[in-house]
Amino acid sequence: MEILRSVCPRCGKPSAGLCNECRAAEVEWLKCEPRVESIYCPVCGSQRHGKTWTDTLVDHETLVHEIAYSALTLHPDLRGAEIAMTFKDPSPNRTFVDLTVTGTLYGVEVTGSCQVKIVWIKEQCDRCNRISGGYYEGIIQVRAVDRRPSDREMDQAARIAEETEDGLQEAGERLSFVSSIEEMKDGLDIVVGSQHIGHIVASTLCSTLGGKLSTHPKLVGEKDGKRLYRVTYLVRLPRFQIGDVVVVRGGYVEVRGTGHGRLQVYDLGDASAHFVSEDEVERFVGNVGDAQNALVTYHDGDVIGILDPKTQGPVECRAVPWLEVEDGGTIRVLRDDETERFVLVG
Ligand SMILES: [Zn+2]
Ligand SMILES: [Zn+2]
């Protein structure tokens, strides 16, 4: 009796019960789903898992490997598994993956292989469906008081919208997209896919460009039993921008701060800083952001000779005490189109 119990009942080798080789041979340690479907959006490449769409952030090869790997089931007792994959794409909607798995099962080295067929199915994703259907939830209107927003402000607004979209898309907010950015007669219209992105872009614009925000929701219908609103975010930029050079009481000042109808200004004549009311502004000259470099040809007392940046012709300007100039150096000037003189700004 003692002898009978010490051999493998399957192969007769000496063993206490079933030997490791026979145990390993008996276990179905490698299982593969022979066919898996993968649903993707032909426009943006997003993948659908159940009801959820996600952006595909990996290349085709990595994606194939991931899908094939998920079709594979390995026995929990397998140790040190190594998986090798090769694949071919015989047609745009079929991929065949050959998998070879090696590992150790009950101390016995095992090797197995299987094939997975990936069937690619095209379906328009939630985001592309909304974009192509013209769906939107908000419009950010960038406007300014008594003027059109400058090109610089509109460029900055467009950049803020795009950066916000990138950030939200990367965070997985697929429906927070920007569907269009359009220049209008009186400013910029930014059309967005969700109220969340609309709110973020509008508030960022206000804090960056110094505007006031008002929101105007409008009920446009119902979708899946929920009321659907479209929101107009009106961003009203102030009449004057930081860096504007304006004429106050016959002198040039640069706007350094705005708010509540008052301007904090820097006097480009005597370098004094003070506040003026917006109503005291006689006219607008330009913005220091548009100033040009001019070459200084000579400096004599309170007269500076420069070359007109446009024509390179010699021009004389009155020196200002706050600006140090050197012969052969450059200074920043803004042309006052009304007087055809140059304003020294830096
Ligand atoms: Zn055996
Ligand atoms: Zn898509």
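The values are calculated or read from the model by the stated rules, or taken from the named source; none is laboratory data. Everything numeric here is computed off the predicted structure, so don't read it as measured data. Quick reminder, even Gly has a Cβ in these numbers, built from the backbone with ideal geometry, and neighbours come from all protein chains shown. Quick note on the areas: whole protein, heavy atoms, side chains included, nothing else; ligands and nucleic acids left out. Shrake-Rupley method; radii C 1.70, N 1.55, O 1.52, S 1.80 Å.
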Inset, instruction - Once you have all Cα-Cα distances for the stretch 244-344, histogram them in 5 Å bins from zero and send the whole-percent values. - result: 3, 13, 24, 22, 18, 11, 6, 3, 0
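For the cross-link pairs Lys31/Lys88; Lys185/Lys218; Lys51/Lys223; Lys122/Lys223; Lys122/Lys218; Lys185/Lys310, which exceed 27 Å when the distance is taken from alpha carbon to alpha carbon?
Numbers: Lys31/Lys88 21 Å; Lys185/Lys218 23 Å; Lys51/Lys223 18 Å; Lys122/Lys223 25 Å; Lys122/Lys218 35 Å; Lys185/Lys310 29 Å.
Violating the 27 Å Cα-Cα cut-off are Lys122/Lys218; Lys185/Lys310.
How large is the convex hull of the Cα atoms of the stretch 4-122 per residue, expressed in Å³ as a whole number?
On the way: hull volume 13.9 nm³, N = 119.
Once divided by residue count, the hull of the stretch 4-122 is 117 Å³.
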Legend entry - Loop-located GluC sites (Glu not before Pro) in the stretch 239-346, at most 13 other Cβ atoms within 10 Å (DSSP): Glu324, Glu326, Glu338, Glu340
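Sorted by mean Cβ packing within 10 Å, highest first, what order do the peptides 297-305, 187-195 take? Walk me through the numbers on the way to the answer.
Numbers: 297-305: 13.6, 187-195: 21.6.
Highest mean packing first, the order is 187-195, 297-305.
If you take all C-alpha pairs in the stretch 207-298, what percent of them are over 22 Å apart?
On the way: 1976 of 4186 pairs.
For the stretch 207-298, the fraction of Cα-Cα distances above 22 Å is 47 percent.
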Legend entry - DSSP loop trypsin sites (Lys or Arg not before Pro) with at most 11 other Cβ within 10 Å excluded, longest remaining stretch of the chain: 52-184
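What translational diffusion coefficient, in µm²/s and rounded to a whole number, does the Stokes-Einstein relation yield for the stretch 120-173 at 10 °C and a viscosity of 1.306 mPa s, taking the hydrodynamic radius as the Kirkwood radius over Cα pairs?
Details: Rh = 14.0 Å.
Translational D for this selection: 114 µm²/s.
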Legend entry - For the chain, calculated [θ]222 nm from helices alone, where every DSSP H run of n ≥ 4 adds -39500 (n - 2.57): -5500 deg cm²/dmol
Inset, instruction - Can you give me the three principal axis dimensions of the stretch 60-158 from its C-alpha atoms, in Å, biggest first? - result: 84, 29, 21
Legend entry - Mean accessible surface per residue for the chain, computed with a 1.4 Å probe while every protein chain stays in place, in Å²: 58 Å²
Legend entry - the chain: radius of gyration and largest Cα-Cα distance (Dmax), Å: 35.7, 123
Inset, instruction - Run down the aspartates and glutamates and flag those whose C-alpha is under 19 Å from the C-alpha of Lys13, throwing out any fewer than 8 positions away in its chain. - result: Glu2, Glu21, Glu26, Glu109
Inset, instruction - Would you mind checking which residues have amide H under 5 Å from Arg341's amide H? H placed 1.01 Å from N; only 5 or more apart, or other chain. - result: Asp336
